[in-house]
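A quick write-up on the structure given underneath.
The values are calculated or read from the model by the stated rules, or taken from the named source; none is laboratory data. Note that the structure is predicted; figures quoted are calculated from it, not measured. Heads up, the Cβs are rebuilt from the backbone with ideal geometry, glycines too, and the neighbour counts pull from every protein chain shown.
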Amino acid sequence: MNGIKINHLTKVFGGVRAVDDLTISIAHGKATGLIGPNGSGKTTLMNLITGLLKPDCGTIEIGNDTFDSINPQTLRDLRIARTFQDGRLVDQLSVDDNLLLAIAENETGKSLLQINTNSMQERLDKTLKKIGLTAHRKKMAEELSYGQRKLLELGRALIQDADIYLLDEPFSGLFAKQIDNVLNLITGLKESKKTIVIIEHNMGLIKQIADRLIVLDHGQLLASGSPNVVLKNKSVQQAYLGV
């Protein structure tokens, strides 16, 4: 299992320091909650780790490897899977094919034909059962409800069988039963000693999941530590909780 180390990472957008000389460590095999007010740099940090953005300076360590920037095409080799707050589904593909596409390695059409074989069926069926979408597997993604789309987005990460999972607000917009389902899935990842980084605004949920919290404010580290300690921090309460 690989942990993540962020060393003096900086990303500036038009004079705004979205991530500002940030140095943090994310322990392998643990669940780390990444919290902070809107605009604090949480999603920008995930985008830097997954190569959607290039840092202006600083480095990212994944296990024993150090990167000035990460090529998104190498995420499978690094065993990193990620979900997006707004979803990255292909609406004109079925639920099955959206899941298969997540593990495709070559040109899209060719890859789906290559991997849609008997050897992948058990893996696909298992993921569909986990996310509760077996009955909807032949539907186009555009036919799904918002909550079902969120579950499919999580399934696209789960089917990759990664070591590191970066989850950007996986509970957002879900009904209570769906929240329980996602909570159980993330708990299963924890029990498998996967490294999890999760952005979440629901403090009740984050306290159930996270072994440790990292709080960002204006792209800088505000606090880190156990949830019980961090959430009692006066600076955190003032910046994030508004008390």
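Annotations
- Some residue of the stretch 118-126 being touching a Gly at 6+ places or on another chain (Cβ under 7 Å) and crowded, with 16+ Cβ neighbours inside 10 Å: no
- Just one residue in the set Glu153, Glu169, Glu200, Glu143 is over 27 Å from Glu61 (Cα atoms) and of a type in the set (Asp, Glu); that residue is Glu143.
- Residue ID - farthest from Asp65 (Cα to Cα), chosen from residues in the stretch 1-30 that are within 19 Å of the chain's Cα centre (by Cα) and not in a strand (DSSP E or B): Lys30
- Meets criteria (surrounded by 20 or more Cβ atoms within 10 Å (Cβ to Cβ), of a type in the set (A, V, I, L, M), over 19 Å from Ile103 (Cα atoms) and out of contact with any Asp or Glu (no Cβ under 8 Å at 6 or more places or on another chain)) for Ile186: yes
- When Ala135 is tested against the conditions (1) modelled with pLDDT of 95 or more; (2) within 25 Å of Gly204 (Cα to Cα); (3) in a helix (DSSP H, G or I), the lone failure is (2).
- The set of residues in the stretch 127-151 that are aliphatic (A, V, I, L, M) and surrounded by 15 or more Cβ atoms within 10 Å (Cβ to Cβ) comprises Leu128, Ile131, Leu133, Met140, Ala141, Leu144, Leu151.
- Flag for Gln208 being farther than 29 Å from Leu158 by Cα and either free of Cβ contacts under 8 Å to residues at least 60 places away in the same chain or not β-branched (Val, Ile, Thr) (or both): no
- Note on the stretch 82-107: among residues that are at pLDDT below 95 and of a type in the set (Gly, Ala, Ser), the one that is farthest from Glu142 (Cα to Cα) is Ala104.
- The residue pairs whose first member lies in the stretch 218-238 and is touching a residue at least 60 places away in the same chain (Cβ under 8 Å), whose second member is among the basic types (Lys, Arg), and whose beta carbons are closer than 6 Å, counting only pairs six or more residues apart or on different chains, are Gly219/Arg17; Pro227/Lys207.
- Scanning the stretch 1-40 for residues that are over 18 Å from Leu166 (Cβ atoms) and aliphatic (A, V, I, L, M) turns up Val12, Val16.
- Top-ranked residue of the stretch 195-222 - restricted to ones that are small (Gly, Ala, Ser) and crowded, with 21+ Cβ neighbours inside 10 Å, ranked as farthest from His8 (Cα to Cα): Ala210
- Some residue of the stretch 24-42 being on the phi > 0 side of the Ramachandran plot, buried (at least 22 other Cβ atoms within 10 Å of the Cβ), of a type outside the set (A, V, I, L, M, F, W, C) and in contact with a Gly (Cβ under 8 Å, 6 or more places away or on another chain): yes
- Complete set of residues in the stretch 54-71 that are within 15 Å of Gly219 (Cα to Cα) and either acidic (Asp, Glu) or buried (at least 16 other Cβ atoms within 10 Å of the Cβ) (or both): Pro55, Asp56, Gly58
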